[in-house]
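Engineer: Right, I'll just put the structure down here and ask away after.
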Amino acid sequence: MTETSPTQPNADWHDAPCGLLIVNSDGMIERVNAKLSEWLGYEVQAVAPTMAFVNLLSIGGRIFYQTHIAPLVRMQGEASDLKLDLVTASGERLPALMNITRRPDGGLSVSCVLMQGRALYEQELLLMKRRAEEAVTDLTRGRVHAEDRALLAEQMVGIVSHDLRNPLMAIAGGLDLLAPVSTTDRQRKVHALTVSAVRRAERLIGDLLDFTAARIGTGLAITRRSTDVDSWLEEAVAELRLSFPDHVLRLTCTGRSRFEIDPDRLVQLLGNLVGNAVRYGAPGRPVQISVNGDDDLHLSVQNEGEPIPLEQQALLFDAMVRGQSERNAEGVGLGLFIVRAIAEAHGGEVTVQSSSDAGTCFSVRLASS
């Protein structure tokens with residue numbers, strides 16, 4: 001912008017959308033534009049050249065200018081984004097943002113914009129920030145409360161499941177005593193059904209206790225020992241064939257057989273996978289169990305039938321999560337959750353692949369030690 005004399009400023013000077021000042025080396029206002037005069041409520045002639053620049057500032061602003069801003073301008077030649085209050089002719093304060101530059105003659109060039117809109121905007125931002133912080137605090141508090149309730153519920157499941165074992169053991173012992181005196185067909189049928197119900201309840205309680213240990217305890221407990229895996233699995237599959245007489249279970253073992261693992265947990269893992277394959281596989285089609293031993297133990301259970309939808313595969317190993325086809329299934333939906341817990345307790349993992357052509361295959365890796 002081309003400067004003119006103080007007494008004849010050009011149109012651009014007065015039409016500028018911000019306040020403009022020229023201050024001489026003595027600190028007196030040499031020139032002021034119409035916009036700033038309008039904000040202050042003064043006539044242009046009342047400001048320049050009769051008023052000192054500091055007289056436009058509040059008392060606090062004057063002190064800050066003399067002690068901080070003026071020395072900074074002398075050293076650096078400029079100071080930017082200064083928040084100062086201007087005082088109008090009526091004594092009203094106008095928050096303003098100023099930029100000050102030192103001129104070659106020792107005077108100052110000053111530009112300023114009012115901050116009333118910006119101050120309201122900043123206040124609104126601060127209010128929104130406080131509300132967001134309060135919302136985060138409420139969410140955190142709600143999450144902690146929900147976690148406490150979930151933990152209490154899981155602890156109660158563990159406690160109740162543990163306490164149910166004693167009466168079930170008493171019932172099982174009574175059934176053993178009643179077996180010899182069940183002489184009629186009806187008595188033997190009722191006895192067999194009751195024994196089956198007790199065993200099913202024992203399995204459910206075992207699953208719930210394992211679930212509690214895996215979720216809120218120190219993890220699923222395992223006891224590693226040197227194990228001939230092939231022998232254990234052959235015996236386990238023979239028992240499973242008795243449990244599922246209408247299904248063909250095929251076992252194939254390759255590679256090394258001896259591993260440092262928990263054989264009881266291995267049999268439990270196999271039973272859960274075979275039970276799952278029998279329940280959801282194609283009726284009358286064989287279930288293939290494959291074991292391969294190298295550095296780690298690899299076990300897979302494959303069945304034919306409808307594939308598992310991709311969106312369900314990611315949820316299969318979560319506790320008590322069932323697909324559409326599992327609503328009438330026995331148990332409480334912990335079988336695959338426990339399979340994963342057993343694999344992880346052995347430093348391994350379990351994965352699933354499912355398609356129309358290849359069927360569904362659960363693959364487990366157990367680290368030997």
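Here, each number is a calculation from the coordinates, and none is a lab measurement. The model shown is predicted, which means the values in this text are computed figures rather than measured ones. Every residue, glycine among them, receives a Cβ derived from its backbone with ideal geometry; neighbour counts consider all protein chains shown.
Engineer: Using a simple spin-label model with points 7 Å from Cα along the Cα→Cβ vector, what separation in nm is obtained for GLU43 and ARG250?
Structural biologist: Those two pseudo-labels are separated by 11.0 nm.
Engineer: Then there's this: Alpha carbons only, please: Rg and Dmax for region 11-114, in angstrom.
Structural biologist: In Å, with Rg to one decimal and Dmax whole: 12.5, 35.
Engineer: Which whole-Hz ³J(HN,Hα) couplings does region 338-346 yield from phi under the Karplus relation 6.51 cos²θ - 1.76 cosθ + 1.60, θ = phi - 60°, glycine and proline marked x?
Structural biologist: 6, 4, 5, 5, 5, 4, 5, 5, 8
Engineer: Assuming R0 = 45 Å, what is the FRET efficiency of ARG130 and SER109, from their Cβ-Cβ distance, to the nearest 0.05?
Structural biologist: Computed FRET efficiency for ARG130 and SER109 comes out at 0.70.
Engineer: Applying the Karplus parametrisation 6.51 cos²θ - 1.76 cosθ + 1.60 with θ = phi - 60° to the phi angles of region 289-294, what ³J(HN,Hα) value in whole Hz is obtained for each residue in order, glycine and proline being reported as x?
Structural biologist: 10, 10, 10, 9, x, 10
Engineer: Further question: In region 51-132, which GluC sites (Glu not before Pro) fall in coil by DSSP and have 13 or fewer other Cβ atoms within 10 Å?
Structural biologist: Qualifying residues, ordered by number: GLU92.
Engineer: Order by neighbour count: ASP138, ASP262, fewest other Cβ atoms within 10 Å first, most last.
Structural biologist: The order, fewest Cβ neighbours first, is ASP138, ASP262.
Engineer: Then there's this: Taking the simple approach of a point 7 Å from Cα along Cα-to-Cβ for both TYR280 and ALA172, what is their distance in nm?
Structural biologist: So the two model labels end up 2.8 nm from each other.
Engineer: With bins 10 Å wide starting at 0, give me the P(r) of region 225-366 over every alpha carbon pair, in whole percents.
Structural biologist: Percent of Cα pairs in each bin: 12, 45, 36, 8, 0.
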